[in-house]
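Read the structure below first, then the notes.
The values are calculated or read from the model by the stated rules, or taken from the named source; none is laboratory data. Everything quoted here is computed from the prediction, not taken from an experiment. Here Cβ is always computed from backbone atoms with ideal geometry, including for glycine, and neighbour counts include all displayed protein chains. All accessible areas refer to the heavy atoms of the entire protein, side chains included, with ligands and DNA or RNA removed. Shrake-Rupley method; radii C 1.70, N 1.55, O 1.52, S 1.80 Å.
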Amino acid sequence: MDSGLESVVAAETVLSDVDGGAGRLIIRGVPVEALAVTCSFEGALRHLWTGWFEALPDAAGLAQALGTARLMAHDLLWPQLPSDPVLALRQGWARLGDTEALDCALMLAGAAPVFVAAAVRAGQGLAPLRPDPGLSHAADTLRLMRGAPADAADVRALDAYLVTVCDHGLNASTFAARVVASTRAGLGSAVLAGVSALKGPLHGGAPGPVLDMLDAIGSLDRAEAWIEAALARKDRLMGFGHRVYRVRDPRADALKAAVRTLPGTLGRIAFAEGIESQVLARLAARYPDRRLETNVEFYTAVLLEALGIPRSAFTGVFAMGRVLGWIAHAREQIAEGRLVRPRSIYVGPPA
Ligand code: ACO
């Protein structure tokens, strides 16, 4: 019995390789650091989805399909979605189709920012904006959330984020998506399973609380006492530790590099680095036999904050990137053709 399944290999995948000992993430043959600086969201989609659908559209056709998906999603915003972005994403995705075909996949990936942005604006008492199908996916995402066009540096940084988190082996949400796909329920059901697993604070729900932690600490001279008190309460420090990585999560540095490209962020980065090094020192002292390092969520929080995205939307924005991986894994599982059905050991009362 292995309750966390860490020693269980449940799939063969060509999509991504997480080497937790070396701190390396390869996404279909390309190191994540390279993919983050060379690819847009659209490029990552092609990178992950090629081969899983009969024919992907060319670059222009893909941009058009995603733009059309955003417009169609806008028409599905009534009745109004909740102002919690993850709930809005779940309700919005549940209004779409549920087949295993490319048009359903493109609709799911394309619609996500419309639902997340509508929720953000509803929380601010504002009506949703109409998507602009002529913009890139990242550019329109920022415009829909902020209500104003984004500059090129911000669009590049959001693309770098979405690409960095697009896939990561058999993490909890991807496993959930594959289990559902294995029942042949459809891609809509698979991404709903994925986002429901992602929402938890031990998985994709961590970056909002990372900022709460930075705010609560407030200044570097208060960090040590704050961290000690949190560890004494047995609180988990958000943005640290990982089930697979025994060294630093390579995505942390890819994202830190993306934040650095944004003007006016050096002070915030320096503060975050100061907190990070104190947390790592305290965790090393407390768990000398278990290396706990910075994970993807720590600099996710700093990056999305710098982009002006409200912290309530961080998990929804994570899902906008990870949906590419969920769909590719769902198609890989369907091609595998095997229902996922593990066993349990009965430890209840005898008959
Ligand atoms: N802060 C404080 N203590 C921690 C942390 C942390 N961030 N992470 C692990 N620990 C402790 C555990 O409580 C455990 O202590 P114990 O032996 O006294 O019970 C010990 O370190 C060993 O824990 P692990 O077995 O390494 O933890 P596990 O693999 O079960 O959990 C997880 C991994 C869930 C990511 C954990 O490190 C955690 O809760 N981190 C904080 C939340 C977070 O950042 N989540 C995002 C992960 S990345 C992602 O999913 C996209």
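Report whether or not Arg95 is in the same structural domain as Ala138 (by TED's automatic domain parsing), open to solvent by 10 Å² or more (accessible area, probe 1.4 Å) and either within 22 Å of Val155 (Cα to Cα) or within 22 Å of the chain's Cα centre (by Cα) (or both). Spelling it out, Arg95 is indeed in the same structural domain as Ala138 (by TED's automatic domain parsing), open to solvent by 10 Å² or more (accessible area, probe 1.4 Å) and either within 22 Å of Val155 (Cα to Cα) or within 22 Å of the chain's Cα centre (by Cα) (or both). When the range 123-152 is limited to residues that are among the small types (Gly, Ala, Ser), in contact (Cβ under 8 Å) with a residue 40 or more places away in the chain and out of contact with any Leu (no Cβ under 7 Å at 6 or more places or on another chain), the one that is surrounded by the fewest Cβ atoms within 10 Å (Cβ to Cβ) turns out to be Gly134. Taken together, the residues in the range 205-219 that are at pLDDT below 95 and either assigned to a loop (DSSP other than H, G, I, E, B) or out of contact with any helix residue (DSSP H, G or I) (no Cβ under 8 Å at 6 or more places or on another chain) (or both) amount to 3. In the range 229-257, the residues that are within 20 Å of Leu162 (Cβ to Cβ) and in contact (Cβ under 8 Å) with a residue 60 or more places away in the chain reach residues that are charged (D, E, K, R) and near the ligand (Cβ under 6 Å from one of its atoms) with C-beta atoms within less than 7 angstrom, at least six apart or across chains, in these pairs: Gly239/Glu297. I need the full set of residues from the range 290-309 which are more than 9 Å from the ligand (Cβ to nearest atom), open to solvent by 30 Å² or more (accessible area, probe 1.4 Å) and hydrophobic (A, V, I, L, M, F, W, C), in order please. Once the filter is applied, which keeps residues that are more than 9 Å from the ligand (Cβ to nearest atom), open to solvent by 30 Å² or more (accessible area, probe 1.4 Å) and hydrophobic (A, V, I, L, M, F, W, C), the range 290-309 yields only Ala306.
Residues in the range 186-200: is at least one at pLDDT 95 or above, away from the ligand (no atom under 16 Å from the Cβ) and open to solvent by 40 Å² or more (accessible area, probe 1.4 Å)? Looking through the range 186-200, at least one residue is at pLDDT 95 or above, away from the ligand (no atom under 16 Å from the Cβ) and open to solvent by 40 Å² or more (accessible area, probe 1.4 Å).
Consider the range 219-274 and keep the residues that are open to solvent by less than 20 Å² (accessible area, probe 1.4 Å) and hydroxyl-bearing (Ser, Thr, Tyr). The one that is nearest to the ligand (Cβ to nearest atom) is Tyr245. More than 14 Å from the ligand (Cβ to nearest atom) and either touching a helix residue (DSSP H, G or I) at 6+ places or on another chain (Cβ under 8 Å) or free of Cβ contacts under 8 Å to residues at least 40 places away in the same chain (or both): does that describe Leu324? When the stated conditions are applied, Leu324 passes them.
In the range 171-190, the residues that are assigned to a loop (DSSP other than H, G, I, E, B) form Cβ pairs under 7 Å with partners that are among the hydroxyl-bearing types (Ser, Thr, Tyr), at six or more places apart or across chains, as follows: Gly186/Thr99.
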